[in-house]
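Following: one structure in structure tokens, then a few remarks.
The values are calculated or read from the model by the stated rules, or taken from the named source; none is laboratory data. Treat the numbers as computed from the prediction; the structure is a model and nothing was measured. All Cβ positions, even for glycine, are placed from backbone atoms using ideal geometry, and neighbour counts span all protein chains on display. Accessible surface areas use protein heavy atoms only, side chains included; no ligands, DNA or RNA. Shrake-Rupley method; radii C 1.70, N 1.55, O 1.52, S 1.80 Å.
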Amino acid sequence: AQTTYKIEIFPNEVQVDENNNIQNYQSLHVNALFYTDESWVYKESDFLLKHEQLHFDIAGLFALKINEEFKTLINQNEANFDAYFTIYKRLWKDCLDMQKQYDSETNHGQNIEENQIWIDQISTEIESHLD
């Protein structure tokens, strides 16, 4: 199975001036998007579904983290493109690293007990970012 997702910056087209400042930077945010057309499964199972769902939940967690850091910059009236892009790149890399760790520690969802530990941990972390 494979879950295809992206953490996308909105608005999609960002205008940057000659000083590398984003115009209308106050509206910058990200969303985690799930691509059904590019996601697939050979054999459906509840365990596999839970495993693949958590891949998207991890992306959602990192979207929350990116948005938090973007809001901090916005509150500081920071308009510099590089400041936002640096945050995005760092947290996107962290997201990909966590996805690999998740697959490794759960043996791609085959270790049901470990998979549940991950589900609980990520759910708790997501909730902490929603407060």
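Results, tabulated for the structure shown:
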| quantity | calculated |
| --- | --- |
| Rg(Cα)/(2.2 N^0.38 Å) for the stretch 19-81, N = residue count | 1.59 |
| Rough spin-label spacing in nm, given labels placed 7 Å along Cα→Cβ, for ASN75 and LEU96 | 3.0 |
| Qualifying aspartates and glutamates (Cα of each under 20 Å from Cα of LYS71; at least 8 residues distant if same chain) | GLU8, GLU13, ASP82, ASP94, GLU125, GLU127, ASP131 |
| For HIS29, distant residues with modelled amide H under 5 Å away | PHE10 |
| For peptides 55-67, 95-107, sequence by mean Cβ density within 10 Å, most packed first | 55-67, 95-107 |
| Probe 1.4 Å, protein heavy atoms only - accessible area per residue of the stretch 2-74 in square angstrom | 62 |
| The chain, relative contact order [Cα under 8 Å, separation at least 6], % | 28 |
| Percent RCO, i.e. relative contact order, over the stretch 40-110, from Cα pairs under 8 Å lying at least 6 residues apart | 46 |
| Relative contact order %, the stretch 4-70, counting alpha carbon pairs below 8 Å whose residues are six or more apart | 41 |
| Alpha-carbon radius of gyration plus Dmax, which is the widest Cα pair, for the chain in Å | 16.8, 53 |
| Sites GLU68 and GLN2, calculated FRET efficiency, Cβ-Cβ separation with R0 41 Å, nearest 0.05 | 0.90 |
| Accessible carbon and sulfur surface of the stretch 47-110 relative to its total accessible area, %, 1.4 Å | 54 |
| Residues of type lysines that LYS50 reaches as a straight line, Cα spacing below 26 Å, ignoring anything fewer than 8 places off in the same chain | LYS6, LYS65, LYS93, LYS100 |
